[in-house]
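The next block holds one structure in the form of structure tokens; read it before the comments.
The values are calculated or read from the model by the stated rules, or taken from the named source; none is laboratory data. Quick caveat, the model's predicted, so the values are computed rather than measured. Here Cβ is always computed from backbone atoms with ideal geometry, including for glycine, and neighbour counts include all displayed protein chains. Ligands, DNA and RNA are excluded from the accessible area calculation, which covers all protein heavy atoms including side chains. Shrake-Rupley method; radii C 1.70, N 1.55, O 1.52, S 1.80 Å.
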Amino acid sequence: KNYVRSIVDHEIYDVVHTYFLMDDEKHIGVVSEAVFKKNKQVGVTHYLGLDKEYLGRGLGKYLILYTLHKMKEHNLKSCEGESNLEHQKSLFIHFDFGFRPKTELDYWNTPNHAPALVRAITNFQFKNIYKKWRRSKVR
């Protein structure tokens, strides 16, 4: 049910490829390559997940890097990442690859129907996480 909602029937993305990371015969990770329904020239790394037993080994970075290379092979010129404020490690990984916070509304891509105050608070939190990441790179 979650797979169908998140992959097959996603309201914003068309998932075009899903890649699995294997350890012999065991599925240990997954990531999807998607494009925005309203702008199929912009790719997005989507639905990244790793088996808990394999966390902390850099495999999430590997999956994102692999997907970015595949997007380039598929002639996508632009890419966005997707994460939540609660997933700070995921945000840091995306920042490591050069992704930057996008805090302006982008109706051609992903509409944000949240009230203005909620958007302002979220953008403030997002910018603070980005500043924290930048400070961690100065050391």
Thr45 vs (1) closer than 22 Å to Lys137 by Cβ; (2) touching a helix residue (DSSP H, G or I) at 6+ places or on another chain (Cβ under 7 Å); (3) open to solvent by 40 Å² or more (accessible area, probe 1.4 Å): all pass except (3)
Taking the stretch 48-58 and keeping residues free of Cβ contacts under 8 Å to residues at least 40 places away in the same chain and either closer than 20 Å to Asp9 by Cβ or crowded, with 17+ Cβ neighbours inside 10 Å (or both) leaves Gly49, Leu50
- Query: touching a residue at least 24 places away in the same chain (Cβ under 8 Å) and within 22 Å of Val4 (Cα to Cα) - does that describe any residue in the stretch 95-108?
  - Reply: no
The condition of being exposed (fewer than 15 other Cβ atoms within 10 Å of the Cβ) and more than 27 Å from Asn123 (Cα to Cα) holds, among Val30, Val4, only for Val4
Being charged (D, E, K, R), open to solvent by less than 80 Å² (accessible area, probe 1.4 Å) and in contact with an Asp or Glu (Cβ under 7 Å, 6 or more places away or on another chain) narrows Lys37, Lys70 down to just Lys70
